[in-house]
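To keep things clear, I will list the structure first and then write my remarks on it.
Please treat every number below as a calculation from the coordinates, not as lab data. Owing to the predicted nature of the structure, the values given are computational and were not obtained by experimental measurement. Note that each Cβ is placed from the backbone with ideal geometry, even for glycine, and that neighbours are counted across all protein chains shown.
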Amino acid sequence: MNELKASETRAIRGQMEQTQYREHSTPLFLTSSFTFPSAEAMADTFAGSGEGIIYSRYNNPSVDELVAKACALEGMPAGFATSSGMGAVFASLAALVRQGDHIVATRAVFGSTHQILTEILPRWGVSFTYVEPDRPDEWDAAVRPETKLFVTETPSNPGLRLVDLERAGRFCRSHGLLFIVDNCFATPHLQRPAEYGADLITHSATKWMDGQGRVLGGLLLGTEEVMDQVIFFCRHTGPAMSPFNAWVISKSLETLHVRMDAHCRSALLMAEWLREQPGIAAVHYPFLEDHPQYELARKQMRAGGGIVTFELAGGVAAAQRLLNNAVLCTRSSNLGDTRTILTHPATTTHSKLSPEERAAVGITDGLVRMSVGLEAPADIMADLARGL
């Protein structure tokens, strides 16, 4: 796979070697465990000097193929697949900190990531400090002697705030911090944090990587040194992805570039159309020229992604009326599907945040997150117009 230059080619042709049956599509390895030709071979494998596979909680051919493809796409040498995206996010933190450590995180993170930072890790004596994602001049003041990690997601969920990855990489190197990026919204087709010095990249593969709302999955992709710690943690705590889910997502990666290009084209059309509609107070999309971080988006992203957020002047009532009147668009908390999905973050995905916390990351009562699908844009517009 390494000699293939284009990411699209690597995603399609980067499959495992054929079995004796010379299949054209990689088979599915639905097995919990594996056998050994001898007691000596079994002992060597457990000792780390053999080439056998021990157990599907550790690795599995179907899962290994997915990880190899994702590593090639992100430009990272090692990885691990987890049972969900939040399994990957939790492992990216818990595997790398111990009691007394400190984390610097950008304030605009997903709601469950916020809960891990504020409710779960503090039980183990791990503290954190939030910084504004678009004010890197303030980051240095948050660093302490015990700071170990800098954690960010860009674009953020759901506010679509961006982090300057180049500047973040310099910041982490200057302070000796591990640089962790949630790249779920962009995918490696649109953005490659490894090029800016990221040590570890997380994905909810449930979203754009699967792309059809079928299975759960998460990915951790990083440097050899960091992944040694992460893989040890995951193998012994058990958040492994099932072989079936890995097989599904691996096949989906073969069309990631085609799907993401189509999602992005439609999302930009939808963002431009929404700005002209009555009752819309604001529209947020990184590739709109009036987005406050438009130039940064053009610098580090190939396109603006498949998420558009917009604010309704009528607050919660107007947002719920829009969702209730939609016939084509789906009401769901998921995203990254072939079907367009509408979500009201203030009452769903980010409802556990206080009103002050939501305001700090730009989640107003009237904010709607739209995951733009692959339907004809005109049909989506007509459906939204009915609700507006």
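Just subtract the alpha-carbon distance of R214 and E356 from 0.36 nm times their residue separation and send over the number in nm, one decimal.
Values: separation 142, 0.36 × 142 = 51.12 nm, distance 3.47 nm.
Answer, rounded to one decimal: 47.6 nm.
Each residue of region 283-298 in order: what ³J(HN,Hα) in whole Hz does its phi give by Karplus 6.51 cos²θ - 1.76 cosθ + 1.60, θ = phi - 60°, with x for Gly and Pro?
With coefficients 6.51, -1.76 and 1.60, one gets 10, 10, 7, x, 9, 7, 5, 8, 5, x, 10, 4, 5, 5, 4, 5 Hz.
For A262 and Y294, what is the calculated FRET efficiency with R₀ set at 22 Å and r taken between the beta-carbons, to the nearest 0.05? Working shown, then result.
Details: r = 22 Å, r/R0 = 0.99.
Rounded to the nearest 0.05, the efficiency is 0.50.
Once you have the alpha carbon radius of gyration of region 256-387, what is it after dividing by 2.2 N^0.38 Å, with N set to its residue count? Mind showing how you got there, number by number?
Details: Rg = 14.1 Å, N = 132, 2.2 N^0.38 = 14.1 Å.
For region 256-387, the normalised Cα radius of gyration is 1.00.
How would you classify region 272-344 from its alpha-carbon gyration tensor, with a ≥ b ≥ c the square roots of the eigenvalues: rounded for a/c under 1.5, else prolate if a/b is greater than b/c, otherwise oblate?
Working: a/c = 2.61, a/b = 1.45, b/c = 1.79.
Oblate shape, in that a/c is at least 1.5 and b/c is the bigger or equal ratio.
Where the centroid of each part is defined by its Cα atoms, how far is region 126-169 from region 21-72 in Å?
Computed from Cα coordinates, the inter-centre distance equals 38 Å.
Over all directions, how big on average is the projection of the convex hull of the alpha-carbon atoms in region 157-255, in square nanometres?
On the way: hull surface 29.2 nm².
Mean projected area of the Cα convex hull: 7.3 nm².
So which chymotrypsin sites (Phe, Trp or Tyr not before Pro) in region 3-65 pass both tests, a DSSP loop state and at most 13 other Cβ atoms within 10 Å of the Cβ?
Details: sites: Y21, F29, F34, F46, Y55, Y58; in loops: Y21, F29, F34, Y58.
Answer in residue order: Y21.
Per residue Cα convex hull volume for the chain, in cubic angstrom?
Numbers: hull volume 55.7 nm³, N = 388.
Residue-normalised Cα hull volume stands at 143 Å³.
Given Cα pairs under 8 Å that are at least 6 residues apart, what percent is the relative contact order of region 1-143?
On the way: 127 pairs, mean separation 24.3, N = 143.
After rounding, I find 17 percent.
What number, in percent, do you get for the relative contact order of region 256-387 if the mean sequence gap of Cα pairs under 8 Å and at least 6 apart is divided by its residue count? Numbers along the way, then the final one.
Values: 221 pairs, mean separation 37.6, N = 132.
Relative contact order comes out at 28 percent.
Near the amide H of T309, under 5 Å away, which other amide H atoms are found, from residues 5 or more places off or on another chain, if H is placed in the peptide plane?
H284, M370
For a 27 Å ceiling on Cα separation, which of these pairs sit above it: K299/K352; K148/K207; K148/K251; K207/K352? Display every interim value, and only then the final one.
Working: K299/K352 34 Å; K148/K207 29 Å; K148/K251 36 Å; K207/K352 22 Å.
From K299/K352; K148/K207; K148/K251; K207/K352, over 27 Å: K299/K352; K148/K207; K148/K251.
Tell me the trypsin sites (Lys or Arg not before Pro) within region 343-383 that lie in a loop according to DSSP and have at most 16 other beta-carbon atoms within 10 Å.
Details: sites: K352, R358, R369; in loops: K352.
Answer by residue number: K352.
Determine the principal axes of the Cα atoms in region 1-58, then give the extent along each, sorted from largest to smallest and rounded to whole angstroms.
Here the Cα extents, ordered largest to smallest, are 42, 23, 22 Å.
In region 40-199, how does Rg compare with the Kirkwood Rh, expressed as the Rg/Rh ratio over alpha carbon atoms? Before the final figure, lay out the partial values.
On the way: Rg = 17.4 Å, Rh = 17.1 Å.
Here Rg/Rh amounts to 1.02.
To the nearest 0.05, what FRET efficiency results for E40 and R98 with a Förster distance of 41 Å applied to their C-beta separation? If you can, show how the numbers build up before the last one.
Working: r = 37 Å, r/R0 = 0.91.
Calculated value: 0.65.
Hey, with R₀ at 22 Å, roughly what FRET efficiency would E51 and H236 work out to, going by the Cβ-Cβ distance, to 0.05?
Working: r = 21 Å, r/R0 = 0.97.
Efficiency, rounded to the nearest 0.05: 0.55.
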